[in-house]
Amino acid sequence: MSAVDIAPPSRPVGFGREFLAGVRFLLRGLKMYTRSPRLMLLGLIPAFITLVLLVAALVTLGYFVDDLAALATWFADDWSTGWRQAIRIAAGVAIMGGAVLLSFVGYTALTLVIGEPFYEAISKNVEDRLGGLPGEVDIPFWRSLPRSIADSLHLLALTALFGIPLFFAGFIPLVGGTVVPVIGALVGGWFLSHELIGVPFERRGLRMRDRRRMLKQRRALATGFGAATFVCFLIPFGAVLIMPAAVAGATLMTRHLFGMSDRLNGQ
């Protein structure tokens, strides 16, 4: 089946307004999904499963972090006790910090893989309520899953490429506690947007390269939406509660990008 035709994106209206428009897509997704108990239940199941898996993985990593730090700093075996302990503590902090950072984007990627049928149902529900999607591409779950995993791993690798240097930059005095967290939220938000629009883009028969091309034309919009989601994920249990709303918001934003109706009466 052929992909849905791509309409030219609407003209940007300035970085600030575009960024805030992206934030509003998350808020509108939250409003839409909280009005539907069925959507809430569908979205909470895979989000909670992923949370349990990631917490278990981080706890396990924490248990073995001393051994991993020793392996990573093998060159310090002959150093004096004080210096050896200092560098291994630093290595342990770096390992755990990097794991926590990757878990934010990894959470989204893993949740979308585990809950693809659930989030597909949420996204389709949103589109149907807004008039449907002419020419929708129906791809069986078993065919789309390997592609989703590959795309998620690709984005996770890119996140690590940017995220790990940002983590170490966080130790720089003054800058580390002010500028770096903001940059981290913007970078993390950019990649989260790519993850979250994957479901509605798949329904249009489009791949990662299409997501990248479309979002590059609307960087501020995509970054605003993703950064707002990223910040919500920092709240305890925020990822579990916000993930379904983020999928709904991503579907609304996708319709906006393709020049389709993205508003219900009263929104």
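The values are calculated or read from the model by the stated rules, or taken from the named source; none is laboratory data. Being a predicted model, the structure only gives us computed values, none of them experimental. Backbone-built Cβ (ideal geometry, glycine too); neighbour counts: all protein chains shown. Areas reflect the complete protein model, heavy atoms only, side chains present, ligands, DNA and RNA absent. Shrake-Rupley method; radii C 1.70, N 1.55, O 1.52, S 1.80 Å.
Test Met260 against the criterion of being open to solvent by 20 Å² or more (accessible area, probe 1.4 Å) and either over 24 Å from Leu161 (Cα atoms) or within 11 Å of the chain's Cα centre (by Cα) (or both), and give yes or no. Working first, answer last.
On the way: open to solvent by 20 Å² or more (accessible area, probe 1.4 Å): yes; either over 24 Å from Leu161 (Cα atoms) or within 11 Å of the chain's Cα centre (by Cα) (or both): yes.
Judged against the criteria, Met260 is a match.
What about Val180, is it touching a residue at least 12 places away in the same chain (Cβ under 8 Å), open to solvent by less than 20 Å² (accessible area, probe 1.4 Å), over 17 Å from Leu133 (Cβ atoms) and more than 16 Å from the chain's Cα centre (by Cα)? Spell out the reasoning first.
Details: touching a residue at least 12 places away in the same chain (Cβ under 8 Å): yes; open to solvent by less than 20 Å² (accessible area, probe 1.4 Å): yes; over 17 Å from Leu133 (Cβ atoms): yes; more than 16 Å from the chain's Cα centre (by Cα): yes.
Yes, satisfied.
Can you list residue pairs whose Cβ atoms sit under 7 Å apart, with the first residue in segment 244-256 being open to solvent by less than 10 Å² (accessible area, probe 1.4 Å) and the second being at pLDDT below 90 and of a type in the set (S, T, N, Q)? Count only pairs 6 or more apart in sequence or on different chains.
Val247/Ser123; Thr251/Ser123; Arg255/Ser261
Has segment 212-223 got at least one residue that is free of Cβ contacts under 8 Å to residues at least 12 places away in the same chain, open to solvent by 20 Å² or more (accessible area, probe 1.4 Å) and either within 18 Å of Val113 (Cβ to Cβ) or not acidic (Asp, Glu) (or both)? Let's see the steps before the verdict.
First, pick out the residues of segment 212-223 that are free of Cβ contacts under 8 Å to residues at least 12 places away in the same chain: 213, 216.
Subset that is open to solvent by 20 Å² or more (accessible area, probe 1.4 Å): 213, 216.
Still in the running and either within 18 Å of Val113 (Cβ to Cβ) or not acidic (Asp, Glu) (or both): 213, 216.
Looking for residues that are free of Cβ contacts under 8 Å to residues at least 12 places away in the same chain, open to solvent by 20 Å² or more (accessible area, probe 1.4 Å) and either within 18 Å of Val113 (Cβ to Cβ) or not acidic (Asp, Glu) (or both), one finds at least one in segment 212-223, hence yes.
Mind listing whichever residues of segment 81-97 are within 28 Å of the chain's Cα centre (by Cα) and crowded, with 16+ Cβ neighbours inside 10 Å?
Ala91, Gly92, Ala94, Ile95, Met96, Gly97
Looking at (1) open to solvent by 10 Å² or more (accessible area, probe 1.4 Å); (2) more than 15 Å from Phe25 (Cα to Cα); (3) not hydroxyl-bearing (Ser, Thr, Tyr), which one does Gly238 not meet, given that it meets all the others?
Condition (1) is where Gly238 drops out.
I'd like the full set of residues that are touching a residue at least 24 places away in the same chain (Cβ under 8 Å) and under 30 Å from Leu241 (Cβ atoms), limited to segment 59-93. Give the derivation first.
Within segment 59-93, the subset touching a residue at least 24 places away in the same chain (Cβ under 8 Å) is 61-62, 65-66, 68-69, 92.
The answer is Leu61, Gly62, Val65.
For Ser2, all conditions in the list (1) among the hydroxyl-bearing types (Ser, Thr, Tyr); (2) at pLDDT 85 or above; (3) under 30 Å from Pro134 (Cβ atoms) hold save one; what is the number of the exception?
Tallying (1) among the hydroxyl-bearing types (Ser, Thr, Tyr); (2) at pLDDT 85 or above; (3) under 30 Å from Pro134 (Cβ atoms), Ser2 fails exactly one: (2).
Out of Asp128, Asp78, I need the residue that is among the charged types (D, E, K, R), more than 27 Å from the chain's Cα centre (by Cα), open to solvent by 60 Å² or more (accessible area, probe 1.4 Å) and modelled with pLDDT of 75 or more. Which one? Working first, answer last.
On the way: Asp128 fails: more than 27 Å from the chain's Cα centre (by Cα).
After applying the criteria, what remains is Asp78.
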